[in-house]
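**Q** Have a look at the structure that comes next, please.
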Amino acid sequence: MMTQIDCLIEVAKKLREARALGERSSDRALVYFIDMTIAHVCDTLDARSETKGAKDNHASAIKAAA
């Protein structure tokens, strides 16, 4: 069974693929939307880690996947 973090990493990988497609088609709006989505996911994970006192920085894993 996948954890929430595993699912988010998979989503980030798919977003990376979509971003590459947007770059190839010169769709700046799509690339911007994807970048903002990735930033939002990372911010959410950072906030969650701070409130739960997690030692791992899951946002960095998402950024690395994206």
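All of the numbers you see were taken from the coordinates with simple rules; none came from a lab. Computed from a predicted structure; not experimentally measured. Note: ideal-geometry Cβ built from the backbone for every residue, glycine included; neighbour counts use all protein chains shown.
**Q** Could you check how many residues of region 6-18 are in contact (Cβ under 8 Å) with a residue 12 or more places away in the chain and more than 10 Å from the chain's Cα centre (by Cα)?
**A** 1
**Q** Consider region 19-47. How many of its residues are small (Gly, Ala, Ser), surrounded by fewer than 16 Cβ atoms within 10 Å (Cβ to Cβ) and touching a residue at least 12 places away in the same chain (Cβ under 8 Å)? Please lay out each step first, then the result.
**A** Keep residues of region 19-47 that are small (Gly, Ala, Ser), which gives 20, 22, 25-26, 29, 39, 47.
Right, trim to surrounded by fewer than 16 Cβ atoms within 10 Å (Cβ to Cβ) and you get 20, 25-26, 29, 39, 47.
Among the residues that remain, those that are also touching a residue at least 12 places away in the same chain (Cβ under 8 Å) are: none.
Within region 19-47, residues that are small (Gly, Ala, Ser), surrounded by fewer than 16 Cβ atoms within 10 Å (Cβ to Cβ) and touching a residue at least 12 places away in the same chain (Cβ under 8 Å) number 0.
**Q** Take region 1-33 and flag every residue that is of a type in the set (D, E, K, R) and part of a helix (DSSP H, G or I).
**A** Looking only at region 1-33, we keep the residues that are of a type in the set (D, E, K, R), and these are 6, 10, 13-14, 16-17, 19, 23-24, 27-28.
Those that are of a type in the set (D, E, K, R) and part of a helix (DSSP H, G or I): ASP6, GLU10, LYS13, LYS14, ARG16, GLU17, ARG19, GLU23, ARG24, ARG28.
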